[in-house]
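Report on the structure given below.
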Amino acid sequence: MSSAAEQEAEAAGTSFLVARITASTLAAADTIPNPRDPQWRASLPRHAAAAMRNDLTRRLGDDAQRATDLLRPLAYAEGQGLPWEDIWAPLASAISGRHYTNEDLMWLWRTAGAYVVEATEADRSAYRLYHQSLVEYLRDDTVAPSIHAAFLDVFTRAVPYGADGRRDWSRAHPYTLRYLATHASDANRLDVLLQDTGYLVHAAPRSLTPLLHNARSEAARETSTIYRSCLPLLLESTPEQRRQVMATSAAAFKATDLMDHLNSEANRSGWTVRWAAGKGASPAIRDTLIGHAGPIQAVACTTLDNRPIAVTGSSDSTARLWDLTTGTQIGEPLTGHTRSISAVACTTLDNRPIAVTASSDSTVRLWDLTTGTQIGEPLTSHTYWISAVACTTLDNRRIAVTGSLDNSARLWDLTTGTQIGEPLTGHTNSIHAVACTTLNGRPIAVTASSDNTARLWDLTTGTQIGEPLTGHTNSINAVACTTLDNRPIAVTGSD
């Protein structure tokens, strides 16, 4: 037997899962295979999918299809897994077209329970597949929309009705309120779900919001815009408070049908909306990105793995990456600054996309956006709050130009993490903004200050170009550069 085990281990290679499944298959066999049999050795699986298929077929025979049907819903479950109660068996039946009950699930647990892991979510049991490779084996992208449609239908039918004859979403399973929109979106049926105001009131906003851009009909897009417009108020509210907030926003949008439906969901002690003054948000709103714990001070955009992303900096001392296609956060927050992040710029370094952040902790930090890790040590020299950063190229080197409340601007070699030359001095008050461009083929920076002036700097020589730009009568807080009639120009904004 040890020789057979050695052959199995050799076939499994470094995959513990393949070894685990194959060992289970061999242990359940009536006879010990001949380890010298070349046909048997060739049949040993080398991948998890093949190991699972062999195991189910050899151990369960005609019942292999039964087990596969019961396991398949777990491959499409969200979060920690699928609820058992009145969900799993009906879902397996809807997906396979064969009738299954809780007795079938008990049989699965006894005969193929090693493929299933019990977890906990929202204080309820949830069930998922043991390993991601099993998920990949059981999923079929060609039929995925119909499977997600089955999820939508089964979970919706499981929502009990109230005395008024409408579904009582307050009694829906937590999985339903967290993930039903995901399945509806993947089934291309999100619009139908967005028409149910009871669902909108009780659904988890953090789960629903990233999917709202998939709304297609005019009514669904209007609902999505109204929902986004009041999202900050919905996040920590009770369902009744959400209803009131959305009804008020709907009234401001003059969306009377939505307002009336939301009013009809009011509980006995809840107030309803008759009208609301004010102007609704633009229907152009696509996504509201939620995650920072404090005001957002800076944003910059770039691409990561050919996806458009945004990098935001906040007074919560973190920077975050956002996938602009899905409206979701990428990875963990970038942490290291000890005070508010006041400026962000994006560039590339050694062909890697990076972000440069500036903070009121008087440091500049570089971040590898692919790995989400800090590059090198913080850049230090400024003696006060750094309020602005811009990136450019100088002598084929990637550099950053920073502006500070210490009245100076500084140049930084991003490859070496060192300051280039002396500080750019001349402003008599805080620098609030920096932009970079070229002038007569030479790289320059434009700085804007509380001294009511903007100044131009030759980055090659580190000297000021010409006289300060005057005209503003108060602090200049923003500057950007472009061209007009083939002339390089700067546009400034002031108090």
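The values are calculated or read from the model by the stated rules, or taken from the named source; none is laboratory data. Predicted model, so just to flag it, every value in this text is computed and none were measured. Cβ atoms come from the backbone with ideal geometry, glycine included; neighbour counts cover every protein chain shown. What goes into the accessible areas is simple: the full protein's heavy atoms, side chains included, and nothing from ligands, DNA or RNA. Shrake-Rupley method; radii C 1.70, N 1.55, O 1.52, S 1.80 Å.
Observations on the structure shown:
- Reference-scaled alpha-carbon Rg (2.2 N^0.38 Å with N residues) for region 172-212: 0.99
- Taking Cα atoms only, the orientation of helix 174-186 departs from the longest principal axis of the chain by about 80 degrees.
- For the chain, the relative contact order is 5 percent, taking Cα pairs closer than 8 Å that sit 6 or more residues apart in sequence and dividing their mean separation by the residue count.
- Antiparallel bridges, percent of DSSP beta bridges restricted to region 229-360 (to nearest 5): 100
- The chain - mean residue ellipticity at 222 nm from DSSP helices (-39,500 (n - 2.57) per run, n ≥ 4, rounded to 500): -9500 deg cm²/dmol
- Volume per residue that the Cα convex hull of region 320-404 spans, once the total is divided by residue count, Å³: 104
- The protection proxy used here, the mean number of other Cβ atoms lying within 10 Å of each residue, ranks peptides 118-126, 402-410 as follows, highest first: 402-410, 118-126.
- Dipole of the chain, positive direction: furthest Cα of SER207, GLY162, LEU231, with charges on the beta-carbon: GLY162
- Per residue value of the accessible surface for region 267-406 (all protein chains in place, 1.4 Å probe), Å²: 49
- Remark: region 163-173, residue by residue, has Karplus-estimated 3J(HN,Hα) of 5, 7, x, 9, 5, 9, 5, 5, 9, 6, 4 Hz, where x stands for each Gly or Pro and the curve is 6.51 cos²θ - 1.76 cosθ + 1.60 at θ = phi - 60°.
- Stokes-Einstein D for region 383-495, Kirkwood Rh over Cα pairs, 37 °C, 0.692 mPa s (µm²/s): 236
- Charge dipole magnitude, Cβ of K and R +1, D and E -1 - the chain, Cα centre, debye nearest 20: 460
- In Å, descending, principal axis extents of the Cα set of region 358-407: 31, 26, 14
- Measuring between their Cα centroids, region 369-421 and region 205-257 lie 41 Å from each other.
- Using every pair of separate Cα atoms, the Kirkwood estimate puts the hydrodynamic radius of region 402-453 at 11.7 angstrom.
- Going by accessible surface with a 1.4 Å probe and the largest first, MET246, MET106 read MET106, MET246.
- Carbon + sulfur, % of accessible area of the chain - ligands and nucleic acids excluded, 1.4 Å: 48
- Using only alpha carbons, the chain has a radius of gyration to Kirkwood radius ratio (Rg to Rh) of 1.10.
- Taking each residue as 0.36 nm, the span from THR256 to ARG171 lengthens on full extension beyond its C-alpha to C-alpha distance by 27.9 nm.
- Taking every protein chain into account, the 1.4 Å probe leaves ARG171 with about 140 Å² of accessible area, to the nearest ten.
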